[in-house]
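Asker: The structure that follows is given in the form of C-alpha cells.
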Amino acid sequence: MPICIECRYPVKTLYTSYSKADDRSLGKGVRLTQCPRCKRFADKYVEHDYVILFINLVLLKPEVYRHLLFNRLNREEGRFDKSVLRLGLLLTLFDVYLTWSRIEKLPLPPTSPCPTSSRTNATLLNTYPLILPYLFFLTLVVTSTFIVHVIIRTLCSISHYSRFGRNQTSMRKVWGMLLPYYPHPTRISTALFISSSTKLFPLAMMIWNYDLPSAATAVSWAVIVNNIAALEILMDCGYLKAGVLVGVAAVARRVVAGGLLWVAGLGTGEGEGVVGLGF
C-alpha cells in the first residue's frame, strides 16, 4: 500500500485520473490525493520528472526517498523493479572503472612478483591480457557489494526479541539499541542502490582531468553518508542504528576487498585511495 511521503501514513491511492487523453507525466488529467492525517498531498512527486527526482536525491530529501522506495519502486514485495536492476548494473560497471583506475596508480607491494619502489600496480596488471584484470576487478566489486547487502539485510532481519531469551535482557536491549529490525530485504537493497548513485559523479573525470584517488575517496565517503541517510529514511530508525549498519558493512567490505587484492599481489588497497567503503 502506498504511503504519504510527508507523514508516512498509508493511503489507498496517490492520485485520481479523470482524463485518459492527458499526460500524467505533465501533471495533466491527475488529481493528487490529500493525506487524511497531515492534509498535504500524499505524493507530490507523482507528477515530477526524473531530473527533479535526482536533484532531490542529491539533496537527501526524505520525501523523494519515500516516493521511490514505497510508492514507485518495490510495489511487489520481494521483487526488484527493473529500473533498480539496471541502476545496480550501471553502478557495478562504473565501480569497476573507478576501482581499477585507483588501484593501478598505487605502488607495488613488497610481496609483488616484480617489486620495484618506482613502479605502480599498473606494471603488474599490464603483464596480463586486458580481459583478466577486468574480470578480476569485476569479481572484486561484485563480491564486495554482495557482502554489504547480505550483511545489512541479515542484521535487519534478526529481531532482538527472538535473538535473545528472557535471561538475556541486557543483550537484548543493546541489540535493539544498535540495530533495527526491518524484514523487507528488497527495499533495503533498493535504498542502497539508489543512494549509491553518487558514484556516477566522477563521470566528469572523463572530460576534465581530476586527481582520481582524491576524487574516488571523496565519492566513497559521500556514498557512505547517502547510504546512512537512505536507511534512516527507509526504516525510520535514527542515524545511530543506520550508521552502525553501514559501518559494519563497510568494515566487512574493506576486509574482503583487501584480501582479494592481497591474493592478487596488488597490496591491500591502502595508500592514496580508500577501497571498499562505497556501496
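Here's the yes/no breakdown for (1) at pLDDT below 90; (2) within 16 Å of residue 85 (Cβ to Cβ); (3) under 21 Å from the mean Cα position of the chain (by Cα):
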site: 137; (1), (2), (3): no, no, yes
site: 143; (1), (2), (3): no, no, yes
site: 153; (1), (2), (3): no, no, yes
site: 159; (1), (2), (3): yes, no, no
site: 163; (1), (2), (3): yes, no, no
site: 168; (1), (2), (3): yes, no, no
site: 179; (1), (2), (3): yes, no, yes
site: 183; (1), (2), (3): yes, no, yes
site: 188; (1), (2), (3): no, yes, yes
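Asker: Continuing with the same structure: Among all residue pairs at least 6 apart or on different chains, which show Cβ distances below 7 Å where the first residue, located in the stretch 181-203, is farther than 18 Å from residue 101 by Cβ and the second is surrounded by fewer than 18 Cβ atoms within 10 Å (Cβ to Cβ) and hydroxyl-bearing (Ser, Thr, Tyr)?
Answerer: 181/159; 183/157; 185/157
The values are calculated or read from the model by the stated rules, or taken from the named source; none is laboratory data. Quick caveat, the model's predicted, so the values are computed rather than measured. Methodologically, a virtual Cβ is constructed for each residue, glycine included, from the backbone with ideal geometry; neighbour enumeration extends over all protein chains shown.
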